[in-house]
1. For the pair A:Q223/A:S61, report the inter-label distance in nm, with labels modelled 7 Å from Cα in the Cβ direction.
2. Going by a ≥ b ≥ c, the root eigenvalues of the Cα gyration tensor, does the range B:186-226 fall in the rounded group (a/c under 1.5), the prolate group (a/b larger than b/c) or the oblate group?
3. Using the beta-carbon distance between B:L168 and B:A114 and R0 = 35 Å, what value does 1/(1 + (r/R0)^6) give for FRET efficiency, to the nearest 0.05?
4. From the square roots a ≥ b ≥ c of the eigenvalues of the alpha-carbon gyration tensor of the range B:21-146, which class results: rounded (a/c under 1.5), prolate (a/b over b/c), or oblate?
5. With a 10 Å cut-off between alpha carbons and a GNM built on chain B, which of B:M33, B:M116, B:M176 moves the most?
6. If each DSSP helix of 4+ residues adds -39,500 (n - 2.57) and the sum is divided by the residues in chain A, what number results at 222 nm, nearest 500 deg cm²/dmol?
7. In whole Hz and in residue order, list the ³J(HN,Hα) couplings for the range A:79-94 that follow from phi through the Karplus curve 6.51 cos²θ - 1.76 cosθ + 1.60, θ = phi - 60°; x for Gly and Pro.
8. Reachable lysines from B:K149, Cα under 30 Å, same-chain residues fewer than 8 places away excluded?
2 protein chains.
Amino acid sequence: MQTQTITYRTPVTGSVPGMSQAESCSFETQIDMMGPAIPFTRNGEIYGEGERAEYLYKVLSGSVRTYKLLTDGRRQIGGFYLPGDIFGLEVGDDHTFSAEAIVDSKILVIKRSAVMALAARDAEIASELWSMTARELQRMQDHIVLLVKTARERVAGFLLEMASLQPLATEINLPMCRQDIADYLGLTIETVSRTLSQLENSETIALPKSRQILLRNRGALSQLNC
Amino acid sequence: MQTQTITYRTPVTGSVPGMSQAESCSFETQIDMMGPAIPFTRNGEIYGEGERAEYLYKVLSGSVRTYKLLTDGRRQIGGFYLPGDIFGLEVGDDHTFSAEAIVDSKILVIKRSAVMALAARDAEIASELWSMTARELQRMQDHIVLLVKTARERVAGFLLEMASLQPLATEINLPMCRQDIADYLGLTIETVSRTLSQLENSETIALPKSRQILLRNRGALSQLNC
DNA sequence: CGACCATTTGATATGGATCAAGCGATGTGG
DNA sequence: CCACATCGCTTGATCCATATCAAATGGTCG
């Protein structure tokens with residue numbers, strides 16, 4: 001059932017997680033020259049579920065959502081990707097999600113075969129690819145745990161996830177609309193909105209603008225996240 | 001409560017070359033001789049979340065659940081593993097779930113370093129490991145989609161998942177109790193039980209015994225699964 | 001300014017959780 | 001072999017969190 005046509009190797013040498021800055025830097029710098037930066041407009045499709053995963057992608061600016069559509073029209077968002085994030089790396093041959101730009105975005109598009117060829121020669125690159133897969137698996141597992149919680153816990157988890165990208169910042173600027181958040185968390189927009197309002201009333205967050213969130217009590221959020 | 005003392009050793013030098021489709025038969029036969037078969041009693045712990053993933057495991061008889069415990073005592077089951085299934089293969093260094101025997105089980109326990117060393121020399125093994133990871137990722141993604149559906153859809157999805165192991169059989173023999181199913185689907189036992197009763201009333205399934213389920217209308221289940 | 005879209009808020013409905021009781025199978029000791 | 005305790009499962013009654021339906025508000029851009 002599974003046909004794999006590309007040859008690549010993924011040496012697992014010593015340390016995979018917790019790579020030093022220098023190590024991942026080489027991957028980052030090398031990959032940055034491996035493809036063109038392509039602009040996508042808001043809501044523009046980057047790839048579709050089931051397509052061959054011929055490329056992988058790195059967000060230069062803007063942001064991206066991956067998602068699946070169910071037959072009845074429901075949409076499940078698998079993840080959000082912000083500048084610096086790499087997405088579209090599949091273990092199998094095909095994309096298991098679709099991907100769209102959330103806002104106008106610049107995306108680095110890199111031939112998978114080129115990366116794989118590089119990984120075959122450079123153990124560091126290979127290791128980095130392997131640990132990207134590990135992170136993706138981790139994200140999925142965390143998401144599963146999130147989805148069985150209450151609405152408040154889900155929203156808190158989402159906010160902390162967004163905040164973790166700038167751990168020190170107290171301000172979150174969301175690129176995505178409420179519907180995106182709702183489809184990520186398995187809730188409705190109304191519930192997301194109401195829950196955010198509740199968090200604002202309890203002075204856990206502030207909402208100066210609908211897509212700008214200030215964390216006023218990160219501890220309270222973390223507690224909800226348990 | 002079963003305590004399993006495991007000596008940790010430092011792992012893994014070698015490579016995991018990927019690619020080129022082949023049958024997993026050689027992998028299966030080779031792996032079967034790489035470790036001892038260990039008996040675990042019902043509810044016995046096989047490994048705990050956060051432990052070093054020093055081994056991987058193959059179910060010889062019985063069955064296994066993997067799970068996470070939340071701080072408030074809720075339990076999320078990540079997956080069920082039946083005879084022939086391999087589990088405990090992690091991309092990172094540590095187990096992200098705990099694992100327990102659901103019933104008295106015989107488990108083949110294989111040193112991860114040994115498998116990795118083998119994979120370094122044998123591209124077929126490496127490819128098989130890679131595609132096991134792909135399947136695991138796929139399972140997680142499918143689970144995410146399942147968890148945002150209605151109770152009836154989740155139960156239908158669960159039954160089809162169990163049935164897919166013997167695609168032609170019309171009879172499912174469940175090793176796990178209702179609580180396990182509930183914690184897998186993010187529902188309560190009562191809801192699982194009621195939903196099964198509903199499916200029986202609508203003649204979609206039959207329940208001769210509580211853990212034996214006959215599929216009387218697989219099409220109806222599949223439709224729910226969409 | 002006016003049209004349009006995103007977001008919030010309100011009122012009501014409902015699916016699943018919770019609380020509670022009953023039932024059936026399995027095992028144990030008398 | 002039966003009485004009884006235990007455990008897993010089902011069923012019933014009620015409650016509550018979230019969905020649904022509906023309307024108002026606000027923000028953006030022509």
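Just so it is clear, none of the values below were taken in a lab; they were calculated from the coordinates. In this text, all values refer to a predicted model and were calculated from it rather than measured experimentally. Cβ: placed from backbone, ideal geometry, glycine included. Neighbour counts: every protein chain shown.
1. According to this spin-label approximation, the distance is 4.2 nm.
2. On the way: a/c = 1.98, a/b = 1.16, b/c = 1.70.
It comes out oblate by the Cα gyration axes.
3. Numbers: r = 35 Å, r/R0 = 1.01.
That pair, B:L168 with B:A114, gives E of 0.50.
4. Numbers: a/c = 1.77, a/b = 1.38, b/c = 1.28.
Taking the square roots of the gyration eigenvalues as a ≥ b ≥ c, the range B:21-146 is prolate.
5. With Cα springs under 10 Å in chain B, the top fluctuation among B:M33, B:M116, B:M176 is at B:M33.
6. Working: 7 runs with 87 residues, N = 226.
Mean residue ellipticity, 222 nm, calculated: -12000 deg cm²/dmol.
7. So the J values, rounded to whole Hz, are x, 10, 10, 10, x, x, 6, 9, 9, x, 7, 10, 7, x, 8, 10.
8. Cross-link targets: A:K68, A:K149, B:K68, B:K209.
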